Structure formats: structure tokens, C-alpha cells
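Comments concern the structure below.
The values are calculated or read from the model by the stated rules, or taken from the named source; none is laboratory data. Keep in mind that this is a model prediction, so the values were computed, not measured. As a convention, Cβ positions derive from the backbone with ideal geometry for all residues, glycine included, and neighbour counts pool all protein chains shown.
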Amino acid sequence: MTLTSATVVRAVRGATQLDHDEREHLYERTRELVAAVLEANNLTVDDLISVIFTSTPDLVSDFPAAAAREMGLGDVPLMCSVEIAVPHALPRVIRLMMHINTTKTRSEIRHIYLHGAAALRKDIAQ
């Protein structure tokens, strides 16, 4: 993306829920989430500034960022963190916050919530 005076930094949110904590399944769901966010917002890797991934404490098989690196985000700054362990929170969830350069308005950004994670944000899930 070529930066113009109309280009701004925006954040895109997304989440997915895993069926179980297994490395290949974590990679599959992470790749699906990242691809869905990129597609829904018509983004390329060049539009990305950084991506922060969080996972619930019950996911320990691998880092979501490792899956993102495998799909071509190797030169994008990626970070992983653990969500706080809130009682009765939805289990096995990976969340992301993707910082992007865009000309879209805040209301044009599409946040993506997949599988059981759609219950997290019924107000904005698409």
C-alpha cells in the first residue's frame, strides 16, 4: 500500500475457538482466522503494521504467531500473550488484534469471529 494523506492506522479484531489443544489444529485455526481477516478487509501483508495474538491459558501446544509466520507474515512484527484466566470464560480461544494502514473508516473495518468465538462479540461478529 502506498501511504497517502488519507491513510490511517486502524486495528482489526478477530477470534476463533479451537476444538482441542493440538499443534496442527491450532495452526489450522490460526491460519483460517488470519486469512479471513485479510480477505474480509481486502488487506495484503504490505498493509500490516503488527499483529498481537492472545490465547486462553488452556492452549499450550504452540504459538499462534508461528502459524502466521508459516503463511507469509514473517516480516510483520508478531507477538503472543496469554489472556487472563477469567472464571467461566470461553475456553480454547485465540484472539488477534491486527494493526493496519488503511483508507477505510472505522465503521468499514470488518472484525471476524469464527467457530464458537462468535459468541464473544455478537454485536460486531461477521
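For the reader, a short list of remarks on this structure follows.
- Members of segment 83-124 that are crowded, with 18+ Cβ neighbours inside 10 Å and more than 16 Å from the chain's Cα centre (by Cα): Thr102
- Within segment 53-66, if we keep just the residues that are touching a strand residue (DSSP E or B) at 6+ places or on another chain (Cβ under 9 Å) and either surrounded by 17 or more Cβ atoms within 10 Å (Cβ to Cβ) or aromatic (Phe, Trp, Tyr) (or both), the residue that is nearest to Thr7 (Cα to Cα) turns out to be Phe53.
- Among the residues making up segment 1-40, those that are among the charged types (D, E, K, R), within 17 Å of Asn101 (Cα to Cα) and either touching a residue at least 12 places away in the same chain (Cβ under 8 Å) or touching a Phe, Trp or Tyr at 6+ places or on another chain (Cβ under 6 Å) (or both) are Arg10, Arg13.
- Failed condition for Met98, given (1) part of a helix (DSSP H, G or I); (2) touching a residue at least 12 places away in the same chain (Cβ under 8 Å); (3) within 16 Å of Val12 (Cα to Cα): (1)
- From His20, His25, residue being over 15 Å from the mean Cα position of the chain (by Cα) and either crowded, with 17+ Cβ neighbours inside 10 Å or outside any helix (DSSP H, G or I) (or both): His20
- Screening Leu43 with (1) more than 15 Å from Ala15 (Cα to Cα); (2) out of contact with any Lys or Arg (no Cβ under 8 Å at 6 or more places or on another chain); (3) surrounded by 15 or more Cβ atoms within 10 Å (Cβ to Cβ); (4) free of Cβ contacts under 8 Å to residues at least 40 places away in the same chain gives one miss only, at (4).
- Criterion violated by His88 - all others in (1) at pLDDT below 95; (2) part of a helix (DSSP H, G or I) satisfied: (2)
Rundown of residues vs (1) in contact with a strand residue (DSSP E or B) (Cβ under 7 Å, 6 or more places away or on another chain); (2) more than 13 Å from Arg95 (Cβ to Cβ), yes/no style:
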residue: Val8; (1), (2): yes, yes
residue: Arg13; (1), (2): yes, no
residue: Glu22; (1), (2): no, yes
residue: Val37; (1), (2): yes, no
residue: Asp46; (1), (2): no, yes
